[in-house]
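Heads up, the thing below is written out as structure tokens.
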Amino acid sequence: MSRRVGVLAVQGAFAEHERAFAKAGADVFEIRQTADIERSFDALVLPGGESTVQGKLLRDLKLLAPLRQRIAEGLPVFATCAGLILLAKQIANDSAVWFGLLPVTVRRNAYGRQLGSFTTKGQVGSLADVPMTFIRAPAIESVSDNVNVLSTFDGKATGVRHGNIWAFAWHPELTTDERIFAAFLAWC
Ligand code: GLN
């Protein structure tokens, strides 16, 4: 049965996620206001973009608290980059905490100045040779014991799974490799 996937569409790279999830067979809709989350859905996508802007918009649109509750109750979440920052319990170089449900510490713009944006390939869970594009990406500086590391770069975690949350510092939606979306949907 096709999964109903809500993509947060207040700012950032939501269109790319919509395309990728639709191609992987999901029934995709956009989340822009509280009315959009009144119907039930199977998974939430938090796209990349600017986490501070997204967090403030979520708060102003009164989406932050209800979405936080759904995630805390077990709604499957697929997050990339800014989405990972929104989920993190701690941001090393920012005092903000948004959803604060993922027990990791991230550092914003850690792959920014020195390296710029770049693409590499690597293992993601059981998937080999997955292209990973980093754009002013956050570093995952530390993870709690109950967090599974799915991907790494330079010895540091770049993708994690914690219960119902899958979160990546890089952008799977910017490549044509759809395996990770299919894996997430199959797991949902
Ligand atoms: N630099 C952004 C932030 O700190 C994240 C970048 C991205 O989502 N591609 O919010």
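A few notes on this one:
- The residue pairs whose first member lies in the range 40-64 and is more than 23 Å from Arg4 (Cα to Cα) and of a type in the set (Lys, Arg), whose second member is more than 8 Å from the ligand (Cβ to nearest atom) and not in a loop (DSSP other than H, G, I, E, B), and whose beta carbons are closer than 8 Å, counting only pairs six or more residues apart or on different chains, do not exist in this structure.
- Qualifying strands (runs of 3 or more DSSP E) (wholly inside the range 1-94; at least 1 residues being over 20 Å from Val160 (Cα atoms) and more than 16 Å from the ligand (Cβ to nearest atom)): 4-8, 27-31
- Output for the range 36-67, where each listed residue is open to solvent by less than 60 Å² (accessible area, probe 1.4 Å) and on the phi > 0 side of the Ramachandran plot: Gly49
- Failed item, numbered, when Ser151 is tested on (1) open to solvent by 60 Å² or more (accessible area, probe 1.4 Å); (2) of a type in the set (S, T, N, Q); (3) at pLDDT 95 or above: (1)
- Test result for Ser144, open to solvent by less than 50 Å² (accessible area, probe 1.4 Å), more than 10 Å from the ligand (Cβ to nearest atom), of a type in the set (Gly, Ala, Ser) and over 15 Å from Glu50 (Cα atoms): yes
- Of everything listed in (1) of a type outside the set (Lys, Arg); (2) in contact with a strand residue (DSSP E or B) (Cβ under 6 Å, 6 or more places away or on another chain); (3) more than 18 Å from Ala26 (Cβ to Cβ), the single unmet condition for Ala65 is (2).
- Positions within the range 101-121 being open to solvent by less than 30 Å² (accessible area, probe 1.4 Å), closer than 17 Å to Cys81 by Cβ and modelled with pLDDT of 95 or more, in sequence order: Leu102, Val104, Thr105, Val106
- Some residue of the range 103-112 being touching a residue at least 40 places away in the same chain (Cβ under 8 Å), part of a strand (DSSP E or B), more than 16 Å from the ligand (Cβ to nearest atom) and in contact with a Gly (Cβ under 8 Å, 6 or more places away or on another chain): no
The values are calculated or read from the model by the stated rules, or taken from the named source; none is laboratory data. Nothing here was measured: the structure is a model prediction, and the numbers come from that model. When we count neighbours, we look across all protein chains shown, and the Cβ atoms used for this are built from the backbone with ideal geometry, even at glycine. All accessible areas refer to the heavy atoms of the entire protein, side chains included, with ligands and DNA or RNA removed. Shrake-Rupley method; radii C 1.70, N 1.55, O 1.52, S 1.80 Å.
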